[in-house]
Each structure stands twice: as structure tokens, then as C-alpha cells.
Amino acid sequence: MSVFAQALGTAFSQLPPALQHFHAGGMPRYFTGRATIEHGHSVAAKIGIRLGGFPPQGRDVPFAITISQTTHGESWSRDFNGHMTGSTLRYDPAHQQIIERLGRVTCALSLRIETNNLEVDVARLWILGVPIPTFLVPHSNSREWQDETGAFCFDIGAHLPGGARLIRYHGKLMPKL
């Protein structure tokens, strides 16, 4: 069972088909599409982008993702036009959250479904294994949805405390057959 299915429980079946397919688990899944990547300009944003291994800025960038099941959860390999950003995800049943490790950053993610959208919030954060106080944790404004063509759409972003952008990437993906 995928980490998203574990975190959402019976609510997983309420997701639109494109989101259920994307987060289904099991065999490796491949998706391709396009993305736009935007960075914040503060020193803190530049450090966060580097620590997370995020891609450079770009508009309408070719984007591919491979999601594979592992013994402890999932491995996500994102290819932003040759810039690889990998992460591992596992389900934390004690907190009912997904733990994602991106580079030197680890996030605890809380999920909720609102009007056919999957909303993702950052609940906790560790940098280099050190827990970050809650008041310093970036605010996530991330969501996923299915558009009228059946595409998997995403808008992943985080803002630093005070509202300055850390990163945002958004676009569409379709299964690669």
C-alpha cells in the first residue's frame, strides 16, 4: 500500500482517478509533463533550495517522475530537464503523517482532501537531522488535483515565516506508458 493510501486511509478512495493512479503504490510508476519552477530571492530561500536539492528556476521545463515502492515506503526520482531531485517517503503511523527526506531536509507532511484537491501541509521540519522550532517551519501551500483532461496537476510551494517564497513548482503530468 502506498504511503499516501496509508496516510489517507479510507479517504484515499475520494481522490479523483488521476491522483489515485499517481499515488497507487505497487509497481514503479512513470509520469511525464512540464513544470515551471520559481525560487524565492532571500538568503534563507537560497540556502533552503540548496539543502533540499531543488532544481534551478525555469518556465515550461520538461519534467518526469518515477515513483518506486521500497521496503520502507517509496522512492521518488524527479527529473527537471536533467536536474535530478530525489526523495524518500515513509508513513509515520504514530503521527498519521508522511515523512519525506529531500537532500538534507526532512519534512513531516499532513494530508487533507478539500473539494477534490489533495492539500499537503508541512507539519514538522528537520535540517541536517536537527528539529526546527514550529514557528520557523515554512508554510506549505501545496495541492494536487485532476483537470478536465484527466491530467494529474500539481502546485507545490512553500513560504518562509513572514511570507517570503522559498520555492514553487507547478505543472501537469500524465502516465508514461
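The values are calculated or read from the model by the stated rules, or taken from the named source; none is laboratory data. All figures in this text were calculated on a predicted structure; none of them were measured in a lab. Backbone-built Cβ (ideal geometry, glycine too); neighbour counts: all protein chains shown. Areas reflect the complete protein model, heavy atoms only, side chains present, ligands, DNA and RNA absent. Shrake-Rupley method; radii C 1.70, N 1.55, O 1.52, S 1.80 Å.
Every test in (1) farther than 23 Å from Leu160 by Cβ; (2) open to solvent by 30 Å² or more (accessible area, probe 1.4 Å); (3) among the acidic types (Asp, Glu); (4) touching a residue at least 60 places away in the same chain (Cβ under 8 Å) is passed by Glu74 save one, and that test is (2).
If the condition is being out of contact with any helix residue (DSSP H, G or I) (no Cβ under 6 Å at 6 or more places or on another chain) and open to solvent by less than 30 Å² (accessible area, probe 1.4 Å), then the range 156-166 contributes Gly157, Ala158. Close contacts from the range 3-19, counting a first residue that is farther than 10 Å from Leu118 by Cβ and a second that is assigned to a helix (DSSP H, G or I) and open to solvent by less than 40 Å² (accessible area, probe 1.4 Å), with Cβ to Cβ under 8 Å and a gap of 6+ residues or different chains, come to Ala5/Phe12. Within the range 39-54, one or more residues are part of a strand (DSSP E or B) and at pLDDT 95 or above.
Do the conditions hold for Met27, that is, is it touching a residue at least 40 places away in the same chain (Cβ under 8 Å) and surrounded by fewer than 15 Cβ atoms within 10 Å (Cβ to Cβ)? So Met27 passes the test. Of the strands (runs of 3 or more DSSP E) entirely within the range 65-161, those holding at least 1 residues that are among the polar types (S, T, N, Q) occupy 74-80, 83-92, 97-102, 105-114, 117-127, 142-146.
Number of residues in the range 87-103 that are open to solvent by less than 70 Å² (accessible area, probe 1.4 Å), within 15 Å of the chain's Cα centre (by Cα) and modelled with pLDDT of 95 or more: the value is 7.
Of everything in the range 42-59 that's free of Cβ contacts under 8 Å to residues at least 60 places away in the same chain and over 15 Å from the mean Cα position of the chain (by Cα), which residue is least open to solvent (accessible area, probe 1.4 Å)? This residue is Gly58.
If I filter the range 2-15 for residues that are open to solvent by 20 Å² or more (accessible area, probe 1.4 Å), under 20 Å from Pro161 (Cα atoms), at pLDDT 95 or above and out of contact with any helix residue (DSSP H, G or I) (no Cβ under 9 Å at 6 or more places or on another chain), do I get at least one hit? Checking the range 2-15: not a single residue is open to solvent by 20 Å² or more (accessible area, probe 1.4 Å), under 20 Å from Pro161 (Cα atoms), at pLDDT 95 or above and out of contact with any helix residue (DSSP H, G or I) (no Cβ under 9 Å at 6 or more places or on another chain).
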